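The block underneath contains the structure these notes are about, expressed in structure tokens.
Read the figures in this text as sums done on the coordinates, not as results from a lab. Just so you know, these numbers come straight off a predicted model, no measurement behind them. Ideal geometry is used to build each Cβ from the backbone, glycine not excepted, and the neighbour counts take in all protein chains shown.
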Amino acid sequence: MTLANMDQPIFLPITKIVNETEQVKTFYFNFSLKSKPGQFVMLWVPGLDQKPFSIGYDSGAQFGLTIFNRGPLTKALFEMKIGDRVGITGPYGTAFSVKPNTHYIMVAGGYGAAPLGFLAEELSNCHPERGLAADEGSLAHDNNVTIDFCVGARDKDNLLFEERVKKLPNVTLHLATDDGSAGHKGYVTDLLSELADSYLRNQTMPKKLLFVTCGPELMEFKVLEFCNLRNLECEISIERFMKCGIGICGQCCVDPLGIRMCMEGPVVSKAVANQLTEFGKYHRDKSGAKIYY
């Protein structure tokens with residue numbers, strides 16, 4: 001049984017909890033979610049609230065949600081133990097493209113590394129929970145896929161999934177920290193020009209180049225600006241406040257198209273992102289009021 005197209009949440013027990021940083025945990029559930037990288041679920045704590053969370057892992061038999069501790073719902077979730085149950089519906093929304101003959105430059109900020117880690121594993125056909133080694137059945141090798149995986153954070157203690165990504169085939173990891181404690185000192189977007197130039201200069205086989213990004217919106221907007229300037233393709237995961245997750249409430253509609261980020265998003269193409277006048281400028285809170293960056 002899967003959750004797709006179900007109106008009522010299924011209550012699932014937490015089967016594993018991993019402390020990623022002081023403020024980030026990954027919660028695992030043994031369930032066949034059948035999600036795609038970039039999609040999300042709605043998580044419900046009865047008597048408290050329901051919120052959307054991106055899917056950071058999906059091995060087929062198990063999925064994981066990497067969650068930052070902020071607000072009453074996540075505070076309650078962080079106090080839960082293995083065996084405690086939460087309500088889950090989904091998976092919902094659009095996903096990142098999984099394409100052969102493509103070089104991916106993935107740009108992740110903070111816990112945006114979770115869905116991009118899932119995407120990298122999917123492209124490599126390498127899921128630790130399935131027990132697959134990096135050289136077993138590599139989709140990346142069979143389909144001429146290579147990946148530059150860029151992840152940024154304030155400092156080395158807040159970087160996510162460094163070891164997870166290092167294990168994947170055909171993936172090169174790049175780190176950036178604001179304080180220079182790991183990798184490049186500065187923003188992760190500082191790496192884009194050099195990586196794009198290096199790939200375009202050195203590629204030996206015909207491949208498409210695709211940027212994919214998930215994380216803070218101003219970081220994503222920089223990726224969009226770069227791709228516009230260089231005439232390169234990109235896909236962007238845009239976060240908006242969601243109440244229902246199924247396209248009914250209209251809370252996550254974006255200006256001026258009115259498309260719903262829970263249905264026509266969260267992952268959108270460069271063409272769509274360029275039409276969203278609010279992207280990189282403001283978002284709306286739960287009351288609908290504009291909050292400018």
### Query
For segment 10-92, taking Cα atoms only, what is the radius of gyration to one decimal and the Dmax to the nearest whole Å?
11.5, 31
### Query
So how do 149-160, 11-22 stack up, highest first, on mean other-Cβ count within 10 Å?
149-160, 11-22
### Message
Tell me which of V212, F11, I236 sits at the most positive position along the dipole axis of the chain, charges placed on C-beta atoms (Lys, Arg +1; Asp, Glu -1).
### Response
F11
### Total charge dipole magnitude, segment 1-94, about the Cα centre, Cβ charges on Lys, Arg, Asp, Glu only, Debye to nearest 20
60
#### Entry: Label-point separation in nm, S32 to M263, each point 7 Å along Cα→Cβ
2.9
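What relative contact order, as a whole-number percentage, does segment 214-288 give when Cα pairs under 8 Å and 6 or more residues apart are counted?
Details: 90 pairs, mean separation 24.7, N = 75.
Value for segment 214-288: 33 percent.
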### Query
Under the classification rounded if a/c is under 1.5, otherwise prolate if a/b is larger than b/c and oblate if not, where does segment 96-235 fall, given a ≥ b ≥ c as square roots of the Cα gyration tensor eigenvalues?
oblate
### Query
R70 versus V18, label points 7 Å from Cα toward the beta carbon: distance in nm?
2.2
### Identified option (computed mean projected area of the Cα convex hull in nm²; candidates (i) 20.7; (ii) 14.9; (iii) 16.6)
(ii)
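Calculate, in nm to one decimal, what N228 and K166 gain on full extension: separation in residues at 0.36 nm each, minus their alpha carbon distance. Each step should come with its number before you reach the end.
On the way: separation 62, 0.36 × 62 = 22.32 nm, distance 2.98 nm.
That works out to 19.3 nm of additional length.
Under a point-charge model restricted to the Cβ atoms of Lys and Arg (+1) and Asp and Glu (-1), what is the dipole moment magnitude of segment 135-293 relative to its Cα centre, in debye to the nearest 20? Before the final figure, lay out each step's value.
Numbers: 19 positive and 23 negative charges, 89 e Å.
The calculated dipole for segment 135-293 is roughly 420 debye.
Cβ neighbours within 10 Å, averaged per peptide: list 92-104, 34-46 in order, most packed at the top.
Top of the packing list down: 34-46, 92-104.
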### Spin-label model distance (nm) - N274 vs S193, 7 Å beyond Cα toward Cβ
2.1
### Task
Go ahead and estimate [θ] at 222 nm for the chain from helices alone: -39,500 (n - 2.57) per DSSP H run with n ≥ 4, summed, over the residue count, rounded to 500.
-5500 deg cm²/dmol
### Task
Provide, for q = 0.17 Å⁻¹, the log10 of I(q)/I(0) from a solvent-free Debye sum over equal Cα point scatterers in segment 238-293.
-0.47
### Message
Taking the number of other C-beta atoms within 10 Å as the exposure measure, put S59, S198 in order starting with the fewest.
### Response
S198, S59
### Message
Nothing charged except the Cβ atoms of Lys and Arg (+1) and of Asp and Glu (-1): what's the magnitude of the dipole of the chain about its Cα centre? Round to the nearest 20 debye.
### Response
500
### Task
Quote the relative contact order of segment 96-235 in percent (integer), defining contacts as alpha-carbon pairs under 8 Å separated by 6+ residues.
30
### Query
Ranked highest first by average number of other Cβ atoms within 10 Å, how do 118-124, 283-289, 241-247 line up?
118-124, 241-247, 283-289
### Task
Please give the length that would be gained between V98 and S287 if that part of the chain were fully extended, namely 0.36 nm times their separation in residues minus their C-alpha to C-alpha distance (nm, one decimal).
64.5 nm
### Task
Indicate, rounded to the nearest 5 percent, the antiparallel portion of the DSSP beta bridges found entirely in the chain.
55
### Query
Leaving out same-chain residues fewer than 8 places away, which lysines sit with a Cα under 19 Å from that of K185?
K156, K222
### Message
Could you tell me the relative contact order of the chain? Use alpha-carbon pairs under 8 Å, at least six residues apart, and round to a whole percent.
### Response
16
